[in-house]
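To start, the structure under review is shown below, and the notes come after it.
Each value in this text was obtained by applying a stated rule to the coordinates, not by laboratory testing. Because the structure is a prediction, the values reported are computed rather than measured. Neighbour counts are summed over all protein chains in view; Cβ atoms, including those assigned to glycine, are modelled from backbone coordinates with ideal geometry.
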Amino acid sequence: MKKGLLCICVFILFLGCSKDSEEAGECGVVSLINVSQNGNTLMFDYQSQDTFNYYEIGYDQSTSVSGGSNSDLYFNYGFTTTDVGSTSIIDDDLYGFSEYNTTLSFYIRAQCSNGELTSWQGPIVLQVEDYCEQPSNIGVSGSTVYWSYDNNQTTASYYQVEYGVQGFNLGSGTQIVTNNTYTSDTVMAEGNTYDFYVRAYCEDNLGYSSWSGPISAYADQDYNVCNAPSNVLHQIEYNFFGEPVGVVFQWDSNGESSFEHVLISDGYNPDNSTSVNTSDGSGWPLYSQGLTQNTPYDFYIRAVCLDGSKTEWVGPKNVIIN
């Protein structure tokens, strides 16, 4: 009799454990470790000792998922991923939650190799913080990059554009800062394809938004390409008595409007000059101070580009005052 009762108890205990195991998702277990926010980007860390076909992360307002069992959960937001250990998504709906300091609850489950799903594990709770919304609708036409910000709830103080040859690493490209929702200051060489990114810097100490982009554009011609001056000429200036008093220079601007130039002793390096002169247009600057007759001098000139960079020095143009 005692032996029979013992067998019955063991059988009941086995059924109870089997049921608990099924509810836990006996094909495997995955755990959500951390959820963090960076602007409109959500970042997830999770771990498991099992191999899964994919992971599913579901989330909603905490008030919508509280009180139920994990087996009965339903979420208005969610996604699947094959990333192992960590992943991230961009969720433009986050700003609506941040306006009301909404708390979100996050859960995770996975599909095992046999097709079964584990039980939902969680929650990880996150209060959504205010952030700077990113620009939208980026477009490129010729040298002009444009975007939209009118429909955003945040206010941008200024915008930052970064671009480079297609495939460049963000952070290593050319940057332009503007207060407008466009810029025509890009420099593109014919035959290249470029990637463009745009982000906003917002008021109320919200800082930078996430980058929008990339959007790619092919340059069918040169746009704002900086050209060095050419065809440098000079002319000795004389006073009423026919004595040489200085020298003036002229050059072809080749589409540029700002130049730097130096007149230095023959054989000197222009990069080491302590006195660099500037001109707009194609001349005629006069050099007259401190020059010695029958002494050779070298004239160098370069263009200052739209983005602040400079061409190589053109020269030397050798000059002797006599």
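At what distance in angstrom do the alpha carbon centres of segment 117-141 and segment 279-322 lie from each other? Each part's Cα centre sits 56 Å from the other's. The packing ranking of peptides 113-119, 38-44, highest mean first, is 38-44, 113-119, where packing means the average number of other beta carbon atoms within 10 angstrom of each residue.
Less than 5 angstrom separates the built amide H of residue 116 from none of the residues sequence-distant by 5 or more or on a different chain. Seen against the Cα atoms of the chain and their longest principal axis, helix 2-23 is set at about 30 degrees.
With Rg/Rh (Cα atoms, Kirkwood Rh) in mind, check [x] 1.32; [y] 1.04; [z] 0.93 and report the label derived from this structure. Entry [x].
In order along segment 313-320, phi translates into HN-Hα couplings of 5, 9, x, x, 9, 7, 9, 10 Hz, rounded to whole numbers, per the Karplus curve 6.51 cos²θ - 1.76 cosθ + 1.60 with θ = phi - 60° and x for Gly and Pro. Using R0 = 51 Å, the C-beta based FRET efficiency linking residue 63 and residue 141 works out to 0.65. With a sphere of radius 15 Å drawn around the Cβ of residue 317, what net charge do the other residues whose Cβ falls strictly inside it have (Lys, Arg +1; Asp, Glu -1)? Its environment carries a net charge of -4. For segment 136-218, the square roots a ≥ b ≥ c of the C-alpha gyration tensor eigenvalues yield an a/c of 1.5 or more together with a/b exceeding b/c, which makes the shape prolate. Calculated FRET efficiency, residue 99 and residue 216, Cβ-Cβ r, R0 41 Å, to nearest 0.05? E(calc), rounded to 0.05, equals 0.75. In nm, to one decimal, how far is the residue 51 label point from the residue 165 one, both placed 7 Å along Cα→Cβ? Going by the 7 Å Cα→Cβ label model, 4.1 nm.
Couplings 3J(HN,Hα) of segment 231-241, computed from phi: 6, 6, 10, 9, 8, 6, 9, 10, 8, 4, 8 Hz, in residue order, whole Hz [Karplus 6.51 cos²θ - 1.76 cosθ + 1.60, θ = phi - 60°; x for Gly and Pro].
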